[in-house]
Amino acid sequence: MRKATFPQGFTHQMGAQAVTIEPLPGHSDEEVVAFLEESGASDITVLAPGFISAQADGQALSKVEEIASIHVKTRHQPHSRWRIP
Amino acid sequence: MKKTTFKVPRHVSVSLISLTERKAGNFGPVAAARAAGFSGEDAERIHSSDKVSLLLECSESDALSEYDLAQTEELVPLAEGFASARVGPETAEKLITCSKISRVQTKKQSGPHLKEVLPEIRLVGSSNNRSVPEDGSGVLIGVVDSGFDLTHPVFRDVNGNLRVEALLDQEDGNRQFDTAQLETAWMNGRGPGVDLDGHGTHVACIAGGSAFTGFDGIAPGARFLLVRTDFLNTDTAVRWIFDQANRLSLPCVVNMSLGHHFGSHDGTDAEERFHRAVSGPGRILVISAGNEREDSLHIGGRFFAGQAQEVAFDMLRPQKGNPNVTLTLWYSEQDKFDITLVLPSGQSVSVPAANLDVYRTSGVDLELARQPYVWSRSIKAQISISFKGFFKSRDLLNWKLHLTCKKAAVGRVDGWFHNSGYALFSRGNPLVERSRTVGLAATGDACLAVASHVGRNTWDSDLGSNEDLQVVKGRTSPFSSLGPTRDGRWKPDLSAPGQYVTAALADDCELSRMDQRALVDSRLVTIEGTSMAAPIVTGTVALMLQKKKSLSVADVRGILAETARHDAHTGSAAWEPAYGFGKIDVAAALSKV
């Protein structure tokens with residue numbers, strides 16, 4: 001079984017991800033947005049102070065990682081179900 | 001046995017075709033009654049008329065102008081494009097063949113389909129009239145869901161106009177539409193935000209649907225802000241809805257009948273903290289608790305130093321694509337755990353103390369990682385298993401997770417598969433818990449998390465009347481996720497009827513293919529879930545906001561908790577893992593506002 005080790009974080013994934021980004025203390029939303037724009041991220045939205053949504057690949061995220069926390073968004077499921085009794 | 005086959009035009013109810021094809025001169029009262037859904041002795045006892053009741057959809061405004069009706073017949077315009085007819089066979093045949101009429105369906109006898117739900121939540125009294133004057137007027141209901149069938153009458157007011165203020169379609173490049181654009185786009189069938197699943201139409205209807213064949217939603221006077229979501233960017237959906245509400249300067253409650261289990265379950269997930277940042281006076285979020293009580297997707301337990309436990313799990317084969325699952329484990333930063341994954345082959349791999357290890361074989365990729373989670377001073381371990389290429393069924397079975405506690409200041413560890421339907425822990429294992437199955441983002445403290453209890457156990461469908469004898473009316477729904485949260489907070493907040501709820505059916509959606517649940521001609525379907533319970537609370541919050549626009553989520557939670565109903569099922573405790581603070585009582589809640 002082939003093994004590879006990566007440093008902490010999940011930015012080894014090279015494809016574009018939907019992410020929520022929080023600037024670390026001492027860094028502003030504007031700073032993070034500027035980094036993302038320079039890195040080619042798309043759909044950049046400041047959701048609320050301290051929360052930025054974007055679509056970005058591993059390369060873009062690896063630059064932002066220094067100044068922000070990155071959370072990969074998770075697919076939600078609808079909460080309905082049915083069964084035949 | 002003689003067989004006769006008739007052609008059934010797409011736009012006409014089958015039951016009407018069988019009536020008109022009899023060519024008996026008149027329908028006869030029993031035949032007309034059966035077309036309306038009466039059966040057996042009721043058809044002979046109740047129905048005395050030989051006319052058939054029809055609901056017409058007209059593609060042109062002068063569609064009804066050319067008919068000479070008999071004295072006992074009637075043709076009544078209901079709204080733009082809709083008319084009610086009560087006619088004999090000759091007129092019925094003319095209506096079927098009229099090119100200006102796009103749909104002819106027989107009206108079916110139906111009591112209000114929330115008839116057992118609305119009294120249960122105290123929205124109607126014994127006379128079946130609403131017990132409160134509020135209807136949600138002046139309030140916006142935001143719905144983040146699978147889409148919406150805007151041809152359905154539940155989205156239109158008495159004049160036939162759309163009650164939708166705006167729609168965002170995340171599945172179509174985030175295009176936005178206002179009311180006028182939606183009216184135009186939906187004029188000839190499917191338009192933006194189309195609901196291919198049926199879930200969103202059903203949910204929106206419960207919260208605020210207009211009166212339709214004896215049925216209306218909780219807040220039929222509210223206006224909608226709708227998001228057809230991609231189920232990923234739910235945070236931008238909420239942001240968009242609140243931006244629209246800010247533009248219109250109106251109070252707003254958002255319903256999210258969806259969730260996941262890929263997070264810390266302690267209210268510190270990014271989306272949950274974002275909800276805390278955007279909620280406030282007149283900005284309320286209602287989220288369904290989840291349906292995962294019996295899905296064996298959670299393990300949890302308290303360890304002492306040196307203790308080791310093993311739990312087996314099986315992966316599930318999905319309908320499409322290759323099996324994959326992500327498992328996250330959470331424990332205090334003061335503790336230390338060794339975590340090992342044992343493959344069905346017997347090979348084992350350890351979750352590293354830090355970093356991410358990736359293992360690749362010809363059949364499966366494994367990713368194991370561990371990192372600090374600063375927001376609740378926890379450690380997060382993550383295991384992802386992805387199958388690729390060829391695999392055998394036995395490769396999915398009997399995976400094992402081995403946990404050894406090295407240091408136990410707190411000692412508690414919790415783990416969840418990222419969602420139900422991907423893998424199952426072995427049910428007999430003592431680590432497998434039903435509690436702590438409320439999902440994200442319902443574990444956040446800036447929302448109302450809603451559980452489900454049984455409001456009714458009977459429903460009608462195209463296959464006839466149905467009854468589920470395995471559920472008890474008033475009891476918690478067997479699927480409804482249980483609290484508390486990982487950090488012990490009281491979620492769900494309250495319970496609402498979410499079992500066998502009948503509401504609007506989107507045209508030609510997945511749900512319309514379920515004969516045992518759908519009434520296709522009546523455009524209704526019966527399904528269940530905390531998805532159905534949440535919009536009952538959402539509609540109730542809309543009624544409360546109509547009375548007082550500045551209510552915050554804490555205000556609403558306090559009122560709903562104080563007025564929640566207790567009975568033999570809930571017990572008298574202040575909070576209970578299945579029911580939260582108790583069962584919703586709409587009239588009592590409104591009286592406290």
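Out of (1) surrounded by 24 or more Cβ atoms within 10 Å (Cβ to Cβ); (2) touching a Ser or Thr at 6+ places or on another chain (Cβ under 8 Å); (3) within 14 Å of chain A (Cβ to nearest Cβ), what's the single condition that is false for B:L232? The number of the failed condition is (1). Just one residue in the set B:T458, B:T437 is crowded, with 24+ Cβ neighbours inside 10 Å and more than 10 Å from chain A (Cβ to nearest Cβ); that residue is B:T437.
In the set B:S572, B:S591, only one residue is over 22 Å from B:M256 (Cβ atoms) and touching a residue at least 24 places away in the same chain (Cβ under 8 Å); that residue is B:S591. Output the residues belonging to segment B:513-532 that are touching a Gly at 6+ places or on another chain (Cβ under 7 Å) and either in a strand (DSSP E or B) or under 23 Å from B:G138 (Cα atoms) (or both). Within segment B:513-532, B:V525, B:E528 qualify.
Within segment B:272-297, work out how many residues are among the hydroxyl-bearing types (S, T, Y) and more than 16 Å from B:Q499 (Cα to Cα).
Our first condition is that a residue be among the hydroxyl-bearing types (S, T, Y); within segment B:272-297, this holds for B:279, B:288, B:296.
Now drop any that are not more than 16 Å from B:Q499 (Cα to Cα), which leaves B:279, B:296.
Here the count works out to 2.
I'm trying to understand the selection: among the residues of segment B:384-422, which are part of a strand (DSSP E or B) and within 30 Å of the chain's Cα centre (by Cα)? Those that are part of a strand (DSSP E or B) and within 30 Å of the chain's Cα centre (by Cα): B:S384, B:I385, B:S386, B:D414, B:G415, B:W416, B:F417. The strands (runs of 3 or more DSSP E) found entirely in segment A:19-85 that carry 3 or more residues being under 27 Å from B:V144 (Cβ atoms) and at the interface with another protein chain (Cβ under 8 Å from one of its Cβ atoms) are A:42-48.
Which ones in segment B:131-148 are surrounded by 24 or more Cβ atoms within 10 Å (Cβ to Cβ) and hydroxyl-bearing (S, T, Y)? Passing the criteria: only B:S146. Take B:S531 and tell me if it is at pLDDT 95 or above, under 20 Å from B:A574 (Cα atoms) and buried (at least 24 other Cβ atoms within 10 Å of the Cβ). Taking the combined requirement at face value, the residue does not satisfy it. Looking across segment B:248-281, the residues that are of a type in the set (V, I, T) and touching a Phe, Trp or Tyr at 6+ places or on another chain (Cβ under 9 Å) come down to B:V254, B:T268, B:V278. Just one of the listed residues (B:D357, B:D314, B:D365) is part of a strand (DSSP E or B) and away from every other protein chain (no Cβ under 14 Å), namely B:D314. The single condition from (1) surrounded by fewer than 16 Cβ atoms within 10 Å (Cβ to Cβ); (2) closer than 30 Å to B:G529 by Cα; (3) more than 11 Å from every other protein chain (Cβ to nearest Cβ) that B:A308 fails is (2). When you scan segment B:248-274, how many residues do you find that are within 7 Å of chain A (Cβ to nearest Cβ), assigned to a loop (DSSP other than H, G, I, E, B) and out of contact with any helix residue (DSSP H, G or I) (no Cβ under 9 Å at 6 or more places or on another chain)? Residues that pass the stated criteria total 1. All of (1) more than 11 Å from chain A (Cβ to nearest Cβ); (2) more than 24 Å from B:N174 (Cβ to Cβ); (3) surrounded by fewer than 23 Cβ atoms within 10 Å (Cβ to Cβ) hold for B:E294 with one exception: (1).
Taking the conditions exactly as written (more than 13 Å from every other protein chain (Cβ to nearest Cβ), in a loop (DSSP other than H, G, I, E, B) and either in contact with a Cys (Cβ under 8 Å, 6 or more places away or on another chain) or modelled with pLDDT of 95 or more (or both)), does B:P484 satisfy them or not?
Values: more than 13 Å from every other protein chain (Cβ to nearest Cβ): yes; in a loop (DSSP other than H, G, I, E, B): yes; either in contact with a Cys (Cβ under 8 Å, 6 or more places away or on another chain) or modelled with pLDDT of 95 or more (or both): yes.
Criteria met by B:P484.
Does B:R377 qualify as being touching a strand residue (DSSP E or B) at 6+ places or on another chain (Cβ under 8 Å), closer than 30 Å to A:P23 by Cα, free of Cβ contacts under 8 Å to residues at least 60 places away in the same chain and more than 14 Å from chain A (Cβ to nearest Cβ)? Write out each step before concluding.
Working: touching a strand residue (DSSP E or B) at 6+ places or on another chain (Cβ under 8 Å): yes; closer than 30 Å to A:P23 by Cα: yes; free of Cβ contacts under 8 Å to residues at least 60 places away in the same chain: yes; more than 14 Å from chain A (Cβ to nearest Cβ): yes.
The answer is yes for B:R377.
Screening B:I206 on (1) away from chain A (no Cβ under 12 Å); (2) out of contact with any Cys (no Cβ under 8 Å at 6 or more places or on another chain); (3) touching a residue at least 60 places away in the same chain (Cβ under 8 Å) shows it passes everything except condition (1).
Of the residues making up segment B:483-503, those that are of a type outside the set (V, I, T) and crowded, with 24+ Cβ neighbours inside 10 Å are B:G483, B:K491, B:P492, B:D493, B:L494, B:S495, B:A496, B:P497, B:G498, B:Q499, B:Y500, B:A503.
The values are calculated or read from the model by the stated rules, or taken from the named source; none is laboratory data. In this text, all values refer to a predicted model and were calculated from it rather than measured experimentally. Neighbour counts run over all protein chains shown; Cβ positions are idealised from the backbone, glycine included.
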